[in-house]
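Please treat every number below as a calculation from the coordinates, not as lab data. Since we're looking at a predicted model, the values are computed, not measured. Reconstructed Cβ throughout: ideal geometry from the backbone, glycine too, with neighbour counts over all protein chains shown.
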Amino acid sequence: MDLITVSGPPSSGKTSVLIKTIENFLKRNISVGVVKFDCLFTDDDIYFQKLGIPVRKGLSGSLCPDHYFVSNIEEVVEWGLKENVDVLITESAGLCNRCSPYIQDIKAVCIIDNLSGINTPKKIGPMLKSADIVVITKGDIVSQAEREVFTMKVQSVNPKAIIMHVNGLSGQGAYELSTFIHDETKHVETLEGMKLRYPMPAALCSYCLGETRIGKSHQLGNIRKIDLSDIK
Amino acid sequence: MSLDNLLRLSIGELFLKFPYTKDFFTDHLVPYEGHENYTVNQLFENMDEEVIEDNAINTELFITSLVEYIELMSSYFASNQETENTITIYPGFYKDGTKEHFKKIEITKGDIVSIVGPTGSGKSRLLADIEWAANMDTPTKRKVLINGRVLEPHERFSASNKLVAQLSQNMNFVMDLSVYEFLDLHASSRMVENKEQIIAKIFDKANELAGEGFSKDVPITELSGGQSRALMIADTAILSKAPIILIDEIENAGIDRKKALDLLIGEDKIVLMSTHDPILALMGDKRIVINNGGIETIIETSKDERSILSNLEELDKTLMDMRNRLRYGKRLKFEEEFKHE
């Protein structure tokens, strides 16, 4: 079984791109399973189910979805092996754009959209910078020039990645994506001992533990203050 | 630029040699100010752990990416000379598996080719086959040669050397910039040398194409539909590197379509148009007819059709004139409007 981790900011079109890509896998008789990670709510599993493929979803609730992802990925791989699929795809949305769920030696795909603004590539951290493939969506509604500028910005933060334009609505580019997103010779049996590509950010303050009161006396742990002193 | 060579340079020397690397440091949130005499390794050795963690810097990835980026940019400058002149399409298969009957289709720069066929007939697939330079590895199994050869995998994946630029009806500007700032941004990202001249040229051409002129200071999001399209076409013709321009209809309103096509082919582009508008379709040298996922036939625009075109253009002009009269508060009179008939 090949494992592909897909990540990207919320509403960038991850599910639409994946559905079009999976349709192309299925046409070529490659079986696919999907596990969708989200925070509070998702009904994307229903869209995947319509393709007739095995789907599971995981809601992280009060936990950071990316931390939740790493704590569960081993079990997810076991599930994929049990379902006997050729390709297992995980889809997750980082909330703060700081984490990335990518694992060393496992294909990492980042999906971002043209509408997100030209400084977005800079803002997204390791999730974009350490991806193997960057898929840019919503190209059909912006001008050619904006597409070119956005592509250049992505390329300048991640020159190693293959950058692809895919239209999640029409499926343009999804066939091409399906041809190199999956490596038939790759067989993942376990993730035991493998490592994340980049550490998740430190976050352990009283608010992580459920504190709701505001004020210095309630702030414990890893606390940092904003600099609001006068600018000289 | 090998990794060893890179590691020997100071950051100041690096910026001097490859000016664009400065932005690379900035984009990766790597602070270098005041440390220009350090090598890259020294910079990281002396960097606060906390800065590395806060800015999510992956030092190893940064260095290998930097090498890659320099290589990429160098190849980008080098490839500026090479331009694609011809596309050759070899037959594949219809949706039902029968082989397409044409021998081969050759399209060269300066050509305008229309692509016609009912919705869902496979127009998009043909365009995608061209964009991807298909090598019998797409659903149609067609083969597309660029300048007589199959593209190497890295050429197909290249983000900066894309073959096809696209202009379609539902495209909008979304950036919050003035016309000038927008052109400046695009020209800077393309790293052209004579930037100001190019910006001026695009601006002039766009104004020529647009029914109503506009200034350099207008926000691009405030341009009318016709003005937007005029700016997009002029910008794509002059500044986009892609040798092939794909057009998905050009609406008749507020833009001189003949001039637009002339501008594109004048810039040595290959123009492919997916259209059912008779004026646009007949402006093409030939049209590819698609049905059931396959190319049925290729029709050269005949002399007879060309003469229809001039009639159509006259009709079109009549309509445009009427539209303009209405715009400026005039009344339309039957005898005046049709007196030349």
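Remarks
- Sorting the segments B:42-48, B:291-297 by their residues' average number of neighbouring beta-carbon atoms within 10 angstrom, most packed first, yields B:291-297, B:42-48.
- With the convex hull drawn around the C-alpha atoms of the range B:105-261, the volume per residue stands at 135 Å³.
- Local net charge near residue A:129, Cβ-Cβ under 10 Å (Lys/Arg +1, Asp/Glu -1): +2
- Backbone amide hydrogens, once placed in the peptide plane, bring residue B:162 within less than 5 Å of nothing, excluding anything fewer than 5 places away on its chain.
- Protection-proxy order for peptides B:123-129, A:127-133, B:51-57, A:28-34, each taking the mean of Cβ atoms within 10 Å per residue, highest first: A:127-133, B:123-129, A:28-34, B:51-57
- Peptide B:166-177 has a mean shielding of 5, counted as Cβ atoms of other protein chains within 10 Å of each residue's Cβ.
- Taking the Cα atoms of the range B:3-78, the ratio Rg/Rh between the radius of gyration and the Kirkwood radius comes to 0.95.
- For residues of B:232-242, the mean tally of beta carbons on other chains within 10 Å: 2
- nm² value of the averaged projected area, convex hull over the Cα atoms of the range A:2-181: 9.4 nm²
- Modelled spin labels at residue A:169 and residue B:318, positioned 7 Å past Cα toward Cβ, are 3.6 nm from each other.
- For the range B:130-140, 3J(HN,Hα) per residue [Karplus equation, 6.51 cos²θ - 1.76 cosθ + 1.60, θ = phi - 60°, Hz, x = Gly/Pro]: 5, 4, 8, 6, 3, 10, 6, 10, 10, x, 7
- Space enclosed by the convex hull of the alpha-carbon atoms of the range A:16-79, per residue, Å³: 83 Å³
- DSSP bridge analysis restricted to the protein assembly as shown gives an antiparallel fraction near 30%, rounded to the nearest 5.
- Max mean-square fluctuation residue, GNM over chain A, Cα-Cα springs under 10 Å, options A:143, A:11, A:116: A:143
- For the cross-link pairs B:109/B:205; B:162/B:216; A:20/A:129, the ones whose C-alpha atoms lie over 23 Å apart are B:162/B:216; A:20/A:129.
- Angle in degrees between helix A:14-27 and the longest Cα principal axis of chain A, rounded to the nearest 10: 20 degrees
- Within 10 Å of the Cβ of each residue in B:55-65, the mean number of Cβ atoms contributed by other protein chains is 4.
- Net charge contributed by nearby residues that have their C-beta within less than 13 Å of residue A:152 (K/R +1, D/E -1): +2
- Taking amide H positions as modeled 1.01 Å from N, with prolines and chain starts lacking one, the residues under 5 Å from residue A:164 and 5 or more places away or on another chain are A:134, A:135, A:136.
- Listed residue pairs exceeding 26 Å between alpha carbons, taken from B:123/B:143; B:99/B:269; A:138/B:22; A:160/B:143; B:143/B:286; A:82/A:107: B:99/B:269; A:138/B:22; A:160/B:143
- Across the range B:324-330, rounded Karplus estimates of 3J(HN,Hα) from the backbone phi angles (6.51 cos²θ - 1.76 cosθ + 1.60, θ = phi - 60°) give 5, 4, 4, 4, 9, x, 8 Hz, Gly and Pro being marked x.
- With the highest mean first, a sort of the peptides B:27-35, A:161-169 on other beta-carbon atoms found within 10 angstrom per residue produces A:161-169, B:27-35.
- Counted charge near residue A:195, where neighbours are those whose Cβ lies closer than 14 Å (Asp, Glu -1; Lys, Arg +1): -3
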